[in-house]
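Note sheet for the following structure.
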Amino acid sequence: MSGRVIVIVNLFKKEDGFTTLSVVVSLLVTLSLIFSTAQIYRISSASADIQNVADSCSQAAENQVAEFMILVRVSDSVVLSLSLGGIICAGLGTVAMCTPVTASASDFLLEAATKMFNARDSFATKSSKTLNEMQKALPFLASVKAYQVAKSNNGGIFDADYFSLA
């Protein structure tokens, strides 16, 4: 048994230098490491490219939500402005009733307050209905936008065709 071990060791070592077998094994290990490193780099690059496209799709979908939120805030601002305007007109009308000089303006101011409150209620009802309908369509719009971004980024390192779901 010890004779076999000596034979195997003798294949890899000689007194006058390296053997052909040990050089071949060394070259094969070196080449496999080089090609493995190149493949890992290629896969990492593809992963980074895919992640960039996925992030872009996500941001495109979030952009649709942000645009919807702008509409919500504008509607909220209009309702607040009409409410504050109505409160100011009602307050001024009440104050105007207290003095004989401005009593004639109180009817105009109180009527303006009533019109502002009615306009506010009408606008709030209509915008609430419209925004609720738009909110129901928002997931569809976001997924369409994400799909468009993914489709426009087709190609890449593996010539991939991207398909996104949001």
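The values are calculated or read from the model by the stated rules, or taken from the named source; none is laboratory data. This one's a predicted model, so the numbers in the text were calculated from it and none came from an experiment. A quick note on method: Cβ atoms are made from the backbone with ideal geometry, for glycine too, and the neighbour counts reach across all protein chains shown. Quick note on the areas: whole protein, heavy atoms, side chains included, nothing else; ligands and nucleic acids left out. Shrake-Rupley method; radii C 1.70, N 1.55, O 1.52, S 1.80 Å.
Kindly list, by first and then second residue, each pair from a residue in the range 58-73 that is touching a residue at least 60 places away in the same chain (Cβ under 8 Å) to a residue that is surrounded by 13 or more Cβ atoms within 10 Å (Cβ to Cβ) and hydroxyl-bearing (Ser, Thr, Tyr), limited to pairs with Cβ atoms under 8 Å and residues at least 6 apart or on different chains.
Final answer for the pair search is 61/143.
Looking at the range 98-121, is at least one residue under 16 Å from the mean Cα position of the chain (by Cα), assigned to a helix (DSSP H, G or I) and of a type outside the set (D, E, K, R)?
There is no residue in the range 98-121 that is under 16 Å from the mean Cα position of the chain (by Cα), assigned to a helix (DSSP H, G or I) and of a type outside the set (D, E, K, R).
Residues of the range 50-97 being in contact with a strand residue (DSSP E or B) (Cβ under 9 Å, 6 or more places away or on another chain) and basic (Lys, Arg), which ones? Please lay out each step first, then the result.
Here is the first cut: in the range 50-97, the residues in contact with a strand residue (DSSP E or B) (Cβ under 9 Å, 6 or more places away or on another chain) are 50, 53.
None; the set is empty.
Here are some residues: 23, 53, 5, 29. Which one is at pLDDT below 95, under 30 Å from residue 163 (Cα atoms) and of a type in the set (A, V, I, L, M)?
Values: 23 fails: under 30 Å from residue 163 (Cα atoms); 5 fails: under 30 Å from residue 163 (Cα atoms); 29 fails: under 30 Å from residue 163 (Cα atoms).
Just a single option satisfies the conditions, and that option is 53.
Within the range 62-115, which residues are small (Gly, Ala, Ser) and open to solvent by 80 Å² or more (accessible area, probe 1.4 Å)?
104
Looking at the range 60-74, is at least one residue assigned to a helix (DSSP H, G or I) and closer than 30 Å to residue 41 by Cβ?
yes
Run residue 87 past the list (1) within 37 Å of the chain's Cα centre (by Cα); (2) modelled with pLDDT of 95 or more and report the number of the one that doesn't hold.
(1)
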